[in-house]
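Throughout, read-outs are computed from the coordinates displayed, never taken from laboratory work. Everything quoted here is computed from the prediction, not taken from an experiment. So basically every Cβ, Gly included, is an ideal-geometry build from the backbone, and we count neighbours across all protein chains shown.
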2 protein chains.
Amino acid sequence: MGNPAIGDAFGEMIRDAYAVRTGIGPRPLAGGRLPRPVIEVIERDDGLINGAPADHYLDEPGAWQPWDRRALALCRGRVLDIGVGAGRAAIELQRRGIAVTGLDTSAGAIEVSRKRGLRDTVLNTVDEFSRASVRYDTFLLLGNNLGLLESAERAPVFLAALAGLANPGARLVAQGADPYGTRDPLHVAYHERNRERGRLGGQLRLRLRYRELATDWFDYLNCSVAELEGLVAGTAWRLKSIDERERPYYVAVMEYSSNRPTHHP
Amino acid sequence: MGNPAIGDAFGEMIRDAYAVRTGIGPRPLAGGRLPRPVIEVIERDDGLINGAPADHYLDEPGAWQPWDRRALALCRGRVLDIGVGAGRAAIELQRRGIAVTGLDTSAGAIEVSRKRGLRDTVLNTVDEFSRASVRYDTFLLLGNNLGLLESAERAPVFLAALAGLANPGARLVAQGADPYGTRDPLHVAYHERNRERGRLGGQLRLRLRYRELATDWFDYLNCSVAELEGLVAGTAWRLKSIDERERPYYVAVMEYSSNRPTHHP
C-alpha cells in the first residue's frame, strides 16, 4: 500500500478550509459536485484515527469557545501567537490594536493568516526563532497548544526557548486539556501504556493527515494541572493562575522571572 | 507505529452516528465535552485519505439527494437493499408498504437499521446469500454502491449472484459516479496508474477506518456509463436506462432476462 507523502498537511488543510469558507482560491476538488467540509484527520501511534471539521480554525470570536475569549483578554504588550494557524486569535488581537506576531511551522498556515490580514508572521520553529533578538510580553498558545510542551524531557527546553524571547515580567497564556477524566477504554489503555514506558499518561504520539500528505510523527502533551505544575517547576516560569471553568479544558497563565528559582531544602 | 485492528469499522461508525443523532446508546467519548460529528475516514492505497461526516447515513428522505428519491420510485415488488447501512432507504420503502430486505456485511449497520425499525435484515455477503431460495424483484444499490461491482473481473460474478436471486423481469437500480470529470491531479494520476496496471481507471482500492478499527482493503468501482455498458454486456442483465440529471452521479436501471444474450456477428 502506498504511504502518504511527508509534507505540510496542516497547511494544505488550512488552505482548503479557507477556500471553502471564502470562495477565494481553488477549492478542494474531491467529492465531485457535493460540497464537503474540510476534515482534519489525526492518527495516533496505537492505530487510533480521528476526524474533525477544520472550519473552526477560521472562526470569528463570536463562535469561539469561552476560554479562548478569556485568554485573549489576558494578552498585554507585544504578543507572540505560537501555532498561529489560520490567524484566528492573532487577527483579533491586531484588530484590537495589539502588536502581535504569528508564528507557525506550516507555510500554508502562514500564507492563509497573511491573506486574512495578519501583518507580522514568522515561519519558523520556536527553537530557531528563540535566537532572534526580538522580545515579547505575552506568549499565546491556544487551540490546545500547551500540547507543544510535548513531554517531560521537552517541556523545559521549550520553556527555556520562550524565556529567551521574553521581556522581564512576560507571561505565557496557554490552553490545555486534562486527559484523565475520560472513561474511554482506548484512551485509558493508552495512558496506562504510556506510563509503563516512562512517559506522561497524556503524551500523545500523533501525525496529521490531509489528502495525500502526512506530517512526521510528533509528541503532543495533554497533561493535568498537577502534571503541569511539575513540568514548570525548576524553569524560568511560574504558574500564576489556572482557569478551569470548563473542565477538562483549562487556561494556564505563567510568568517569567529572570531569576531562576532556587530550591531550598 | 501501531496498526488499526481489522474489524467492523463501518458498523462502529454507524452505531456512533446513531447515538449522536438520537441520544440512544453510549455516545462517542472522544472529544471531551465538545460535541463532535462522527466522521467516516476512507484511505486509498496510494496514501490518500478523506474524511466526511457520517450523519448522512441517517438522513430522512427530505434531506436526500434528488437521485436517491427518484431511485426509490423505481422500486417495485420485493426489494433487496444491498449495503443497507443504517437503513435509510429500506426504512422508507417499508414505510411505503413495500416488502424490503436489508442486506449488509456489517453487523453494526444491521443492528442500527433494526433499531430504527427495519424488520427484515440479512447479515451476509451477496455471494453467500445468493444460495438462498428467496427471490426479489428489485435490487437497490444506493450511496454509490454500484461500486460493489469492484472490477472488470468481479462485476460479472456479482451480477450473476444477483441473477441467482432474481425473479423473472427483476430490475437492478444502482447509483454510480463517473470519476473521469475530475481535474484533480491526484485522481487523474490514480486513474492513469490503474490503467497501466490493467485495471479500470476508477477502480479504487480502499479501506474504511473508524477509531481503532479498519476494514480490510477492498476494491470499489467508480465507472463511466460507457464502462458500465461494457461490464454488463454478456451478463444476464440489460442496461435499460441511465438517469444522468446530476452528473457525475447517475442512477442505472438494469433488467434481468433469464435468457442469456446471444451474440450475433
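Which percent, to the nearest 5, of DSSP beta bridges fully inside the protein assembly as shown are antiparallel?
Numbers: 58 of 92 bridges.
Counting DSSP beta bridges with both partners in the protein assembly as shown, the antiparallel share is about 65 percent.
Would you work out the relative contact order for region A:113-197, in percent, from Cα pairs under 8 angstrom that are 6 or more residues apart? Intermediate values should be presented prior to the final figure.
Numbers: 69 pairs, mean separation 28.7, N = 85.
So the answer I get is 34 percent.
I'd like to know which of B:174, B:185, B:213 lies farthest towards the positive end of the charge dipole of region B:112-265, counting +1 on Cβ of Lys and Arg and -1 on Cβ of Asp and Glu.
Value computed over the given set: B:213.
Direction-averaged shadow area of the convex hull around the Cα atoms of region A:115-265, nm²? All intermediate terms of the calculation are to be shown ahead of the outcome.
Working: hull surface 47.8 nm².
Value for region A:115-265: 12.0 nm².
Could you name the lysines whose alpha carbon sits less than 22 Å from that of residue B:240, not counting residues in the same chain fewer than 8 places away?
Excluding near neighbours in sequence, the set is empty.
Could you give, in nm with one decimal, how far residue A:36 is from each other copy of that position, shortest first, with labels 7 Å out from Cα toward Cβ?
1.9
In region A:165-244, what trypsin sites (Lys or Arg not before Pro) fall in a loop by DSSP, with at most 14 other Cβ atoms inside 10 Å? List each step's numbers first, then the result.
Values: sites: A:171, A:183, A:193, A:195, A:197, A:199, A:205, A:207, A:209, A:211, A:238, A:240; in loops: A:183, A:197, A:199.
Taking region A:165-244 and a limit of 14 other Cβ atoms within 10 Å, the loop trypsin sites (Lys or Arg not before Pro) found are A:183, A:197.
Run the label-point distances for residue B:5 please: 7 Å along Cα to Cβ, every other copy, nanometres, shortest first.
From this label point to the equivalent ones elsewhere in the assembly: 3.5 nm.
Would you grab the residues whose amide H sits under 5 Å from the one on residue B:39? Only those 5+ places off in sequence or on another chain, please, with H modelled 1.01 Å from N.
A:51, B:54
Tell me whether region A:67-181 comes out rounded, prolate or oblate; compute the Cα gyration tensor, take square roots of the eigenvalues as a ≥ b ≥ c, and use a/c under 1.5 as the rounded threshold.
Numbers: a/c = 1.32, a/b = 1.20, b/c = 1.10.
Since a/c stays below 1.5, the shape of region A:67-181 is classed as rounded.
Between chains A and B there is a rotation axis; tell me the chain A residue with the nearest beta carbon and how many whole Å away it sits.
Spelled out, residue of A and its Cβ distance from the axis onto B: A:51, 2.
What does the charge dipole of region A:171-264 about its Cα centre add up to, to the nearest 20 debye, if the Cβ of each Lys and Arg holds +1 and the Cβ of each Asp and Glu holds -1? Could you put the intermediate results ahead of the total?
Working: 15 positive and 13 negative charges, 34 e Å.
Computed about the Cα centre, the dipole is about 160 debye.
Pop out the ³J(HN,Hα) list for region A:180-192 in order, Karplus 6.51 cos²θ - 1.76 cosθ + 1.60 with θ = phi - 60°, rounded to Hz; leave Gly and Pro as x.
8, x, 5, 10, 5, x, 4, 6, 4, 5, 5, 4, 5
Please report the relative contact order for region B:110-265, taking Cα pairs under 8 Å with a sequence separation of at least 6, and give it as a percent rounded to a whole number. Intermediate values should be presented prior to the final figure.
Numbers: 252 pairs, mean separation 39.3, N = 156.
This gives 25 percent for region B:110-265.
Only Cα pairs under 8 Å and at least 6 apart count here; give the relative contact order of chain A as a rounded whole percent.
Numbers: 525 pairs, mean separation 53.3, N = 265.
Once divided by the residue count of chain A, the mean separation gives 20 percent.
Compute the Cα gyration tensor for chain A, then decide on rounded, prolate or oblate, letting a ≥ b ≥ c be the square roots of its eigenvalues: rounded whenever a/c is under 1.5, prolate when a/b is larger than b/c in the other cases, and oblate in all that remain.
It is oblate, given that a/c is not under 1.5 and a/b is not larger than b/c.
Would the protein assembly as shown count as rounded, prolate or oblate if I go by the C-alpha gyration tensor, calling it rounded below 1.5 in a/c and otherwise prolate when a/b exceeds b/c, oblate otherwise?
Prolate, since a/c reaches 1.5 and a/b exceeds b/c.
For chain B, give the share of DSSP beta bridges that are antiparallel, in percent and rounded to the nearest 5; count only bridges with both residues there. Intermediate values should be presented prior to the final figure.
Details: 28 of 45 bridges.
Among the beta bridges of chain B, antiparallel pairing accounts for roughly 60 percent.
Of the beta bridges DSSP finds with both residues in region A:10-109, what % are antiparallel, to the nearest 5? Intermediate results must be reported in sequence, preceding the final value.
Numbers: 5 of 9 bridges.
That works out to approximately 55 percent antiparallel.
At residue B:23, label 7 Å along Cα→Cβ: distances to the other copies, nm, ascending?
Result for residue B:23, in nm, nearest copy first: 3.8.
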